[in-house]
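The values are calculated or read from the model by the stated rules, or taken from the named source; none is laboratory data. The shown structure was predicted, so the numbers you read here are calculated from the model rather than taken from an experiment. In this analysis, Cβ positions are derived from the backbone assuming ideal geometry, glycine residues included, and neighbour counts consider all displayed protein chains.
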C-alpha cells in the first residue's frame with residue numbers, strides 16, 4: 001500500500017503562490033491579508049486536504065486552545081442551550097470546547113478542578129455549587145481565565161474571576177407576582193435540595209410578603225432534585241393537603257412538568273383548577289399541554305456572553321479586577337396561568 005506524504009504548510013504556500021508566512025496569517029485568522037489572497041489559500045488548503053498541526057501550534061504559542069465548561073447536569077435542557085452559545089463563540093475564535101458534568105456533587109467538582117489544574121485548558125466557564133473563589137486561585141495562578149455563571153450578584157474578591165449572573169430572586173419574584181395578579185393568594189412552591197433553591201425561594205417569599213400574604217410552610221415543598229420526578233412528588237404532596245394551593249411556582253421547568261403530570265392524574269385541569277409557573281423556558285416549555293408560563297434566562301445568550309468574557313481575559317483585552325455582569329430575564333406568559 002502506497003503511503004502518501006501528509007501535505008504541509010509549505011505545500012499550501014507553493015500551490016497558492018504565496019509565502020508560508022502569508023499562509024500562517026490566514027490559518028490564524030489574521031485580518032491583514034486581502035480577501036482574494038485569503039480565498040486562494042483556502043482553496044489550496046481544500047485541494048491538498050491540508051490539516052494544520054494543532055499540537056505544534058499549541059506548543060509554539062504556549063496555549064491549549066481549549067475551553068472547559070463545567071456544568072452540574074448535562075441532562076437538564078437548560079444547559080445544552082447554554083453550551084451552544086459558548087461553542088459558537090469559542091469555535092469562531094479557534095478554541096475547542098470540553099464539557100465536564102459534575103451532577104452538582106462536591107467531590108465531582110473537586111475532581112474536575114484537579115484535572116483542570118494540570119494545564120489542559122486556557123479558560124474555564126463554570127457553574128459551581130461547592131467550589132469557591134479560594135479554590136479557583138490555583139487556576140488563576142496557572143494563567144487560566146475563569147468565568148462563573150451565578151444566580152445572583154457576588155461579592156468580588158481580589159482574584160480576577162469574572163461573574164455572569166441573572167438575578168434569580170427578582171425573576172422568581174416576577175413569576176409569583178404574576179400569580180398574585182391573577183387573583184391567587186394560596187400559592188405553593190416546589191424546589192430542589194440544591195442551588196439555586198435559596199434565591200428562588202427568597203423571590204417567592206418576597207412576592208408574598210409585599211402582597212401581604214402570609215407564608216404557609218405547608219405550601220413549601222422540597223423535592224430531591226430539580227427533575228420531573230421531584231416536581232411530581234412535590235405536587236402530589238401539595239394536592240394531599242387539607243387546603244391545597246390554587247397555584248404553584250416550580251423552581252424549574254422540569255419540576256413544573258412533573259407537577260403538570262400530578263395535577264392531571266388528580267383529575268384537575270390547568271389553569272382552571274391549578275395555575276402553574278416554571279423557570280428557565282427550556283424548549284419543551286411551549287410544547288407541553290398546556291404551554292407553560294415560565295421565566296426565560298436566555299440561555300444561549302448567557303453562554304455567548306460567558307465565552308466573550310472569557311476570551312477577553314485570555315487575549316488580554318480585559319485585565320485588572322474581577323467583573324460582575326448582570327444579564328436579563330423575562331416572564332413568558334402562556335396558557336398554564
**Prompt:** How many residues, within segment 173-202, are in a strand (DSSP E or B) and modelled with pLDDT under 95?
**Reply:** 1
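From the residues in segment 100-111 that are free of Cβ contacts under 8 Å to residues at least 40 places away in the same chain and assigned to a loop (DSSP other than H, G, I, E, B), which one is nearest to residue 307 (Cα to Cα)?
Keep residues of segment 100-111 that are free of Cβ contacts under 8 Å to residues at least 40 places away in the same chain, which gives 100-103, 105-111.
This time we only want the ones that are assigned to a loop (DSSP other than H, G, I, E, B), so: 102-103, 105.
On the way: 102: 20, 103: 22, 105: 24 Å.
Out of the qualifying residues, it is 102.
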**Asked** Does residue 262 count as in a helix (DSSP H, G or I), assigned by TED's automatic domain parsing to the domain that holds residue 176 and out of contact with any strand residue (DSSP E or B) (no Cβ under 9 Å at 6 or more places or on another chain)?
**Response** yes
**Complete:** Considering residues that are in a loop (DSSP other than H, G, I, E, B) and more than 22 Å from residue 178 (Cα to Cα), the number found within segment 227-252 is 4
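Out of 170, 153, I need the residue that is modelled with pLDDT under 95, under 21 Å from residue 198 (Cβ atoms) and surrounded by fewer than 22 Cβ atoms within 10 Å (Cβ to Cβ). Which one? Please lay out each step first, then the result.
Working: 170 fails: modelled with pLDDT under 95.
Among 170, 153, only 153 is modelled with pLDDT under 95, under 21 Å from residue 198 (Cβ atoms) and surrounded by fewer than 22 Cβ atoms within 10 Å (Cβ to Cβ).
Suppose the filter is assigned to a loop (DSSP other than H, G, I, E, B), in contact (Cβ under 8 Å) with a residue 60 or more places away in the chain, surrounded by fewer than 16 Cβ atoms within 10 Å (Cβ to Cβ) and touching a helix residue (DSSP H, G or I) at 6+ places or on another chain (Cβ under 9 Å); does residue 319 pass it?
Details: assigned to a loop (DSSP other than H, G, I, E, B): yes; in contact (Cβ under 8 Å) with a residue 60 or more places away in the chain: yes; surrounded by fewer than 16 Cβ atoms within 10 Å (Cβ to Cβ): yes; touching a helix residue (DSSP H, G or I) at 6+ places or on another chain (Cβ under 9 Å): yes.
When the stated conditions are applied, residue 319 passes them.
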**Prompt:** Which members of segment 27-60 meet the condition of being within 29 Å of residue 120 (Cα to Cα), in a helix (DSSP H, G or I) and at pLDDT 85 or above?
**Reply:** 45
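Check segment 228-240 and report whether any residue there is outside the structural domain of residue 161 (by TED's automatic domain parsing) and within 20 Å of the chain's Cα centre (by Cα).
Applying the first criterion (outside the structural domain of residue 161 (by TED's automatic domain parsing)) to segment 228-240 yields 228-240.
Adding the requirement that they be within 20 Å of the chain's Cα centre (by Cα) leaves 228.
Within segment 228-240, one or more residues are outside the structural domain of residue 161 (by TED's automatic domain parsing) and within 20 Å of the chain's Cα centre (by Cα).
Out of the residues in segment 203-214 meeting the condition of being part of a loop (DSSP other than H, G, I, E, B) and in contact with a helix residue (DSSP H, G or I) (Cβ under 8 Å, 6 or more places away or on another chain), tell me which one is nearest to residue 167 (Cα to Cα). Before you say what the answer is, go through the steps one by one.
In the first step, residues of segment 203-214 are kept if they are part of a loop (DSSP other than H, G, I, E, B); the result is 211-214.
The next check asks that each one be in contact with a helix residue (DSSP H, G or I) (Cβ under 8 Å, 6 or more places away or on another chain); those that pass are 211, 213-214.
Details: 211: 20, 213: 23, 214: 24 Å.
That would be 211.
May I ask you to verify whether residue 97 is assigned to a helix (DSSP H, G or I), under 16 Å from residue 306 (Cβ atoms) and touching a helix residue (DSSP H, G or I) at 6+ places or on another chain (Cβ under 8 Å)? Quick ask: steps written out before the conclusion?
Working: assigned to a helix (DSSP H, G or I): no; under 16 Å from residue 306 (Cβ atoms): yes; touching a helix residue (DSSP H, G or I) at 6+ places or on another chain (Cβ under 8 Å): yes.
Considered against the rule, which asks whether it is assigned to a helix (DSSP H, G or I), under 16 Å from residue 306 (Cβ atoms) and touching a helix residue (DSSP H, G or I) at 6+ places or on another chain (Cβ under 8 Å), residue 97 comes out as no.
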**Message:** For segment 164-172, check the following and say yes or no: at least one residue is under 24 Å from residue 244 (Cα atoms) and either touching a residue at least 40 places away in the same chain (Cβ under 8 Å) or over 20 Å from the mean Cα position of the chain (by Cα) (or both).
**Reply:** yes
**Asked** Being more than 19 Å from the chain's Cα centre (by Cα) and within 24 Å of residue 300 (Cβ to Cβ), is that true of even one residue in segment 94-115?
**Response** yes
**Complete:** Checked segment 1-26 for anything modelled with pLDDT of 90 or more, surrounded by fewer than 16 Cβ atoms within 10 Å (Cβ to Cβ) and on the phi < 0 side of the Ramachandran plot; matches are 14, 19
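Residue-by-condition table, conditions (1) outside the structural domain of residue 196 (by TED's automatic domain parsing); (2) modelled with pLDDT under 95; (3) in contact with a helix residue (DSSP H, G or I) (Cβ under 9 Å, 6 or more places away or on another chain); (4) not in a helix (DSSP H, G or I):
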| position | (1), (2), (3), (4) |
| --- | --- |
| 285 | no, no, yes, no |
| 288 | no, no, yes, yes |
| 307 | yes, no, yes, no |
| 310 | yes, no, yes, no |
| 337 | yes, no, yes, yes |
**Prompt:** Do you know which of the residues in segment 67-92 that are within 23 Å of residue 26 (Cβ to Cβ) and surrounded by fewer than 16 Cβ atoms within 10 Å (Cβ to Cβ) is modelled with the highest pLDDT?
**Reply:** 88
